[in-house]
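> Pasting a structure here, questions to come.
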Amino acid sequence: MEKSIKISLPDVSAATLPMAYPSRKNSLPESGIFLAGDVGGTKTDLALFQIQDGKLVSIKNQRFATTDHESFIEAIQTFHGDKISTINSACLGVAGVVEGNKVKGVNFEWEIDASKLESELNIKRVFLINDLQANAYGLSALKNSEFETVLKGESGKGNAAIISPGTGLGEAIMYWDGSHYHPYATEGGHCSFSPSDDLDMEFWKFLRLKFDHISWERVLSGQGIHNIYKFLRKYRAIKEPDWLTEKFKIEDAPKVISSAALERNDIICAETLKLFVKYLAVESAQLALKSKATGGIYIGGGIAPKILDLIDKKEFYKNFINVGRLDNLLKTIPVKIVLNDHTALMGAAYYAAMGTMH
């Protein structure tokens with residue numbers, strides 16, 4: 001469990017990236033208390049927000065491991081006890097496919113039913129949206145200092161997209177209507193991984209022995225880092241050092257590999273992250289082409305901000321524009337890494353507050 005932090009979100013009317021909300025309004029309500037959640041395979045963030053002086057201000061928030069609780073109801077009760085009646089509405093950004101009022105996690109076991117939450121927790125309205133959709137909404141709360149520019153591109157308008165490697169791989173598109181962005185979820189992370197050179201082909205063959213379907217999530221995620229590492233260790237025929245073997249026994253493998261790459265302690269770990277960044281550039285380009293994201297590509301998730309020192313921007317650019325006849329389009333697209341790891345939580349808070357204004 002992490003220490004609670006203060007989160008203050010400005011009125012959406014002042015957003016640099018203006019978003020369209022269900023209420024079709026562009027300002028916060030005058031009052032209210034709202035529950036926001038970012039529910040992922042590894043961690044869950046929960047927060048209560050209150051309108052104070054025209055801003056959404058967190059009055060309580062908590063982060064914990066998703067596996068700490070058997071159900072979301074149990075997690076909420078631990079977080080807020082019996083004080084649920086004070087909440088006007090809630091929005092949960094969940095790493096899973098939202099179907100109607102229900103969602104089941106892809107990389108965790110919870111099934112969340114909005115109707116049951118409304119009934120059992122006495123909340124007037126519970127909104128369920130995909131976590132990447134929440135992430136997109138949260139971009140409107142960020143300052144320029146909360147982005148790391150990978151590729152400057154051109155600051156044009158148009159559709160935008162967000163790709164987030166973490167426990168899994170999430171992708172969302174933001175349709176631009178001429179004045180506001182309309183975020184919508186995709187399941188692009190589960191599309192088929194496509195090799196682009198001989199090494200990639202060998203990697204694909206390696207993965208084919210493990211998985212019936214080789215998705216981009218098998219490559220661009222925490223498990224993806226581990227998959228790349230195991231492939232390269234075998235392919236390069238370089239014995240794993242004893243100190244690394246011992247670390248794997250007590251720590252999370254992707255974290256161990258990333259740390260060793262950052263500290264330049266192991267050649268295979270270093271190559272693993274280099275290949276990971278290449279794949280991130282490649283799939284970012286695929287997403288940019290599919291959505292014609294002239295407004296920019298945003299890289300979210302928990303991995304990219306932690307490996308900034310390993311991202312060679314010139315190499316990223318080379319891999320990003322390597323699409324043949326449409327390379328001139330990709331040269332114009334800005335690419336930015338989202339540094340604030342509460343972005344999805346903030347997006348859910350905005351959605352909860354704006355959704356009540358139907």
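> If we only count helices (runs of 4 or more DSSP H) wholly inside segment 69-141, which ones have 1 or more residues that are touching a Phe, Trp or Tyr at 6+ places or on another chain (Cβ under 9 Å), over 29 Å from Ala161 (Cβ atoms) and of a type in the set (S, T, N, Q)? Lay out the reasoning, then the answer.
Numbers: elements: 72-80, 114-121, 131-138.
Hits in segment 69-141: 72-80.
> While we're here: Counting only residues that are farther than 30 Å from Gly93 by Cα, modelled with pLDDT of 95 or more and in the same structural domain as Ile87 (by TED's automatic domain parsing), give me the helices (runs of 4 or more DSSP H) lying completely in segment 308-355 with at least 3 of them. Show your work before the answer.
Details: elements: 313-320, 327-330, 343-355.
It comes to none.
> Find the strands (runs of 3 or more DSSP E) located wholly in segment 148-206 whose residues include 1 or more that are surrounded by fewer than 23 Cβ atoms within 10 Å (Cβ to Cβ), and list them.
On the way: elements: 160-165, 169-176, 181-185.
Output list reads 169-176, 181-185.
> Hey, does segment 63-79 have a residue that's assigned by TED's automatic domain parsing to the domain that holds Leu121, closer than 20 Å to Ala344 by Cβ and modelled with pLDDT of 85 or more?
Yes, the conditions are met somewhere in segment 63-79.
> Something else about it: If you go through segment 324-336 one residue at a time, do you hit one that is hydroxyl-bearing (Ser, Thr, Tyr), in contact with a helix residue (DSSP H, G or I) (Cβ under 9 Å, 6 or more places away or on another chain) and surrounded by fewer than 20 Cβ atoms within 10 Å (Cβ to Cβ)?
Taking segment 324-336 first, the residues hydroxyl-bearing (Ser, Thr, Tyr) are 332.
Filter once more, keeping what is in contact with a helix residue (DSSP H, G or I) (Cβ under 9 Å, 6 or more places away or on another chain): none.
Checked against the condition, which is being hydroxyl-bearing (Ser, Thr, Tyr), in contact with a helix residue (DSSP H, G or I) (Cβ under 9 Å, 6 or more places away or on another chain) and surrounded by fewer than 20 Cβ atoms within 10 Å (Cβ to Cβ), segment 324-336 yields no hits at all.
> Report, by residue number, each residue of segment 27-54 that is free of Cβ contacts under 8 Å to residues at least 60 places away in the same chain and within 16 Å of Gly355 (Cα to Cα).
Ser27, Glu30, Ser31, Ile33, Leu48, Gln50
The values are calculated or read from the model by the stated rules, or taken from the named source; none is laboratory data. Source: prediction; values computed, not measured. Counting neighbours? That spans all protein chains shown, and the Cβs are built from the backbone with ideal geometry, glycine included.
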